[in-house]
Amino acid sequence: AIAGGRTAVRNALYMAALSAVRWNPVIKAHYTRIVATGRPKKIALVACMRHLLTILNAIIKTASPWKTA
């Protein structure tokens, strides 16, 4: 179970991470790397939520669009 933080933000990040794991190559690679080490899939998804959040914060901070490299 995931607990802590604001529920609305957590729910939005969860759904965004689910989509990103499927379609975003950067997040997908992060997810598969974590699962390959033997971590549970839910833990890997929560790690992707955090990774996505740091990417979004960097985009807001620099006021620049998403760049994969």
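The values are calculated or read from the model by the stated rules, or taken from the named source; none is laboratory data. In this text, all values refer to a predicted model and were calculated from it rather than measured experimentally. Quick note on the areas: whole protein, heavy atoms, side chains included, nothing else; ligands and nucleic acids left out. Shrake-Rupley method; radii C 1.70, N 1.55, O 1.52, S 1.80 Å.
So what are the three principal axis dimensions of the chain from its Cα atoms, in whole Å, longest to shortest?
Rounded to whole Å, the extents work out to 35, 29, 16 Å.
For Arg22 and Thr37, compute 0.36 nm times the residue count separating them, minus their Cα-Cα distance, and round to one decimal in nm.
Working: separation 15, 0.36 × 15 = 5.40 nm, distance 1.89 nm.
Length difference between fully extended and current span is 3.5 nm.
On the accessible surface of the chain, probed at 1.4 Å, how many percent belong to carbon and sulfur atoms? Provide the component values of the computation, followed by the final result.
Numbers: 3270 of 5110 Å².
Here it works out to 64 percent.
Between Arg10 and Thr62, what is 0.36 nm times their sequence separation minus the Cα-Cα distance? Round to one decimal in nm.
Details: separation 52, 0.36 × 52 = 18.72 nm, distance 2.33 nm.
Working it through step by step, the gained length comes to 16.4 nm.
Considering only protein heavy atoms, what per residue accessible area in square angstrom results for the chain with a 1.4 angstrom probe? Could the numbers behind the result be given before it?
Values: 5110 Å² over 69 residues.
About 74 Å² of surface per residue is accessible.
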